[in-house]
Amino acid sequence: GINAEYMGTKTADVPLPLDVLYMLYYILFRNGRFSNVFGTLSFAHSHANIPNSPCDLQFHWFPTALKLFDLDKVFIMNRVYKDSKGKDVRPKNGICVLPTILQPKSTGSIRLASTDPLAPPIIDPNYLADKKDLIAMIEGIRMTRKFVSSPCLKDLIKKEVLDPNIPFPADSNEYLEALVRRLAHTLYHPVGTCRMGNESDPKAVVNLECKVRGLNGLRVVDASVMPEVPSGNTNAPTIMIAEKISELILKGSS
């Protein structure tokens, strides 16, 4: 994603980490950093010139440079945007936009580490193994730059905050590829480890009623049964699956 610095002070200039004052500022003036705590979402096509192409990019807009609420620890930016002296180069007043691939082509793996059932498994997310993911992420950053330079935002933005550790021009593919490789991370929406499918699907772990194939009296009812990650968050689809299977179980018991 990219961080951008505000031209002016559009947020309350209150010393961190006094979050209570941010809250009071919002209550009194209906403005400031608590007016939109966790940002907004937008969706786009990385290949808009291709007819009927799927919507494969999601953009997370944060009204902060992710220094607040320890969000930068989640998005690892606190380990990236630092100069040679270890100083964080991100502004106090700013925004952050994170493009996200909704349908990544790269596939990771989970393997047993040993015969010990309590031993942590070996998890390899295998990020960016498919070059199509890298291309889509680079396009997502280019689209983000177009968004923040649009008429409704360009007068508010002072500059993009660049990663000082990448020795390439900011508008080059080399810079964007290096930025993606340094910042790419998960959004914690894993699916598919107990894939749902019909009897002809050799990769399916559970059938269409979430019953584990080859075993009696065992179901898996969570996000792991989704054959593919949905184009959005996994919370609502997981609830839907649970409601559906609960209904099937109740009908069967009656």
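Which one of Gly217, Ile157, Pro125 has its Cα pushed farthest toward the positive end of the charge dipole of the stretch 102-254, where Lys and Arg give +1 and Asp and Glu give -1 at the Cβ?
Ile157
Just to confirm a number: summing +1 for Lys and Arg and -1 for Asp and Glu over residues other than Cys194 whose beta-carbon lies under 12 angstrom from that of Cys194, what do you get? If you can, show how the numbers build up before the last one.
Details: positive: Arg195, Lys203, Lys211, Arg213, Arg219; negative: Asp222.
Spelling it out: positives minus negatives among the neighbours equals +4.
Could you put Thr186, Thr193 in order of accessible surface area, largest first, with the 1.4 Å probe and the full protein assembly present?
On the way: Thr186 45, Thr193 85 Å².
From most accessible down to least: Thr193, Thr186.
Could you sort out which of Lys203/Lys244; Lys87/Lys154; Lys131/Lys158 sit more than 30 Å apart by Cα distance in this structure? Kindly include the intermediate steps, with their values, before the conclusion.
Numbers: Lys203/Lys244 22 Å; Lys87/Lys154 27 Å; Lys131/Lys158 33 Å.
From the list (Lys203/Lys244; Lys87/Lys154; Lys131/Lys158), the Cα-Cα distance tops 30 Å for Lys131/Lys158.
Let me check something: with ligands and nucleic acids excluded, how do Asp124, Asp171 order by accessible area (1.4 Å probe), largest to smallest?
Details: Asp124 75, Asp171 110 Å².
Heavy-atom accessible area, descending, gives Asp171, Asp124.
With all protein chains present, calculate the accessible area of Ile249 using a 1.4 Å probe and round the result to the nearest 10 Å².
About 80 Å², rounded to the nearest 10.
Suppose accessible area is computed on protein heavy atoms with a 1.4 Å probe; arrange Tyr175, Tyr188, Tyr25, Tyr127 from highest to lowest.
Values: Tyr175 5, Tyr188 150, Tyr25 75, Tyr127 115 Å².
Heavy-atom accessible area, descending, gives Tyr188, Tyr127, Tyr25, Tyr175.
Can you list residues whose amide H is under 5 Å from Gly94's amide H, if they're 5+ apart or on another chain and H is modeled 1.01 Å from N?
Residues meeting the amide H criterion: Tyr6, Ala65.
Please list, by residue number, every one of the trypsin sites (Lys or Arg not before Pro) in the stretch 115-202 that is coil in DSSP and has at most 15 other beta-carbon atoms within 10 Å.
Values: sites: Lys131, Lys132, Arg142, Arg145, Lys146, Lys154, Lys158, Lys159, Arg181, Arg182, Arg195; in loops: Lys154, Arg195.
For trypsin sites (Lys or Arg not before Pro) across the stretch 115-202 that sit outside H, G, I, E and B with at most 15 neighbouring Cβ atoms in 10 Å, the list reads Lys154.
Could you give P(r) for the stretch 157-234, binned at 5 Å from zero, as whole percent values over all Cα-Cα pairs?
All Cα pairs considered, the percentages come to 3, 14, 16, 12, 9, 8, 8, 8, 7, 7, 5, 2, 0.
Considering only protein heavy atoms, what per residue accessible area in square angstrom results for the stretch 136-254 with a 1.4 angstrom probe? Walk me through the intermediate numbers first.
Details: 7340 Å² over 119 residues.
In whole numbers, the stretch 136-254 has 62 Å² accessible per residue.
For the stretch 106-170, with all protein chains present and a 1.4 Å probe, just round the carbon and sulfur fraction of the accessible area to a whole percent. Present the calculation step by step, with values, prior to reporting the outcome.
Values: 2720 of 4410 Å².
The C+S portion of the solvent-accessible surface of the stretch 106-170 is 62 percent.
The values are calculated or read from the model by the stated rules, or taken from the named source; none is laboratory data. In this text the structure is predicted, and so the values were computed from the model without any measurement. Note: ideal-geometry Cβ built from the backbone for every residue, glycine included; neighbour counts use all protein chains shown. The accessibility values were calculated without ligands, DNA or RNA, using every heavy atom of the protein model including side chains. Shrake-Rupley method; radii C 1.70, N 1.55, O 1.52, S 1.80 Å.
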